[in-house]
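A short worksheet on the structure shown next.
Throughout, read-outs are computed from the coordinates displayed, never taken from laboratory work. Predicted model, so just to flag it, every value in this text is computed and none were measured. So basically every Cβ, Gly included, is an ideal-geometry build from the backbone, and we count neighbours across all protein chains shown.
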Amino acid sequence: MPVFFKKKVNKSICAPIKGRCIDITNVSDNVFSTKMLGDGFAVIPEEETICSPVDGLIIMLPPSKHAFGIKRDDGLEILVHIGLDTVELNGEGFKLLAHEGDRVKIGAPIIGLDMKFLKTKKLDLTTIVVITNAEGKSFSKEKLDETVYPSDVIIKP
């Protein structure tokens with residue numbers, strides 16, 4: 001395909017929800033904090049809607065609704081994992097606002113949270129954004145330890 005017909009990929013990775021942004025190394029789960037799944041960041045949520053952090057295709061959305069995978073047009077894959085031990089809720093407290101196979105833009109609502117219910121379970125709702133297929137690459141992160149909003153750029157290309 002000629003260069004002038006190629007679609008420009010937005011390579012920014014954004015906050016998926018309003019809350020305090022932290023580095024992935026500060027997540028209280030070793031699978032994430034040791035970057036076993038990849039590098040990224042997390043947001044301690046203050047609202048009830050998890051949005052897409054990138055433009056792309058939803059490639060994974062398990063029945064437990066506690067996470068989703070999204071693939072950018074350049075092949076980068078992102079995992080958004082809502083909370084720690086939330087898989088055990090079997091979808092309770094989560095509402096799908098998008099579906100596997102949907103093409104979404106940054107800021108598109110993906111999963112709704114029933115915060116009142118989830119708080120009764122006393123689970124850590126830290127929402128982790130992990131780049132799962134960028135082995136060996138390092139990323140510059142912005143707005144760590146700040147309040148962020150959906151679509152705020154955290155990782156620039």
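Quick notes on this one:
- Note on the chain: dipole from Cβ charges, positive end direction compared against 52, 21, 38; the farthest Cα belongs to 52.
- Under Karplus coefficients 6.51, -1.76 and 1.60, residue-wise ³J(HN,Hα) of region 8-16 in Hz, glycine/proline x: 6, 8, 6, 8, 6, 10, 10, 5, x
- Per residue, the chain reaches -1000 deg cm²/dmol at 222 nm when only DSSP H runs of four or more residues are counted, each adding -39500 (n - 2.57).
- Calculated diffusion of region 23-151, Stokes-Einstein form, Kirkwood radius summed over Cα pairs, 25 °C and 0.890 mPa s, µm²/s: 166
- In loop segments of region 26-127 as defined by DSSP, the trypsin sites (Lys or Arg not before Pro) with at most 11 further C-beta atoms inside 10 Å of their C-beta are 122.
- Debye, to nearest 20: dipole size of region 14-136, +1 on Lys, Arg Cβ, -1 on Asp, Glu Cβ: 320
- Separation of alpha-carbon centers, region 45-84 and region 85-157, rounded to whole Å: 6
- A P(r) calculated from all alpha carbon pairs of region 14-78, with 10 Å bins opening at zero, reads 20, 48, 32, 0 percent.
- The order of the peptides 86-93, 53-60, 130-137 by mean Cβ neighbours within 10 Å, most packed first, is 53-60, 86-93, 130-137.
- Couplings 3J(HN,Hα) for region 54-61, derived from phi with the Karplus relation 6.51 cos²θ - 1.76 cosθ + 1.60 (θ = phi - 60°), are 9, 7, x, 10, 6, 10, 7, 8 Hz, where x marks Gly and Pro.
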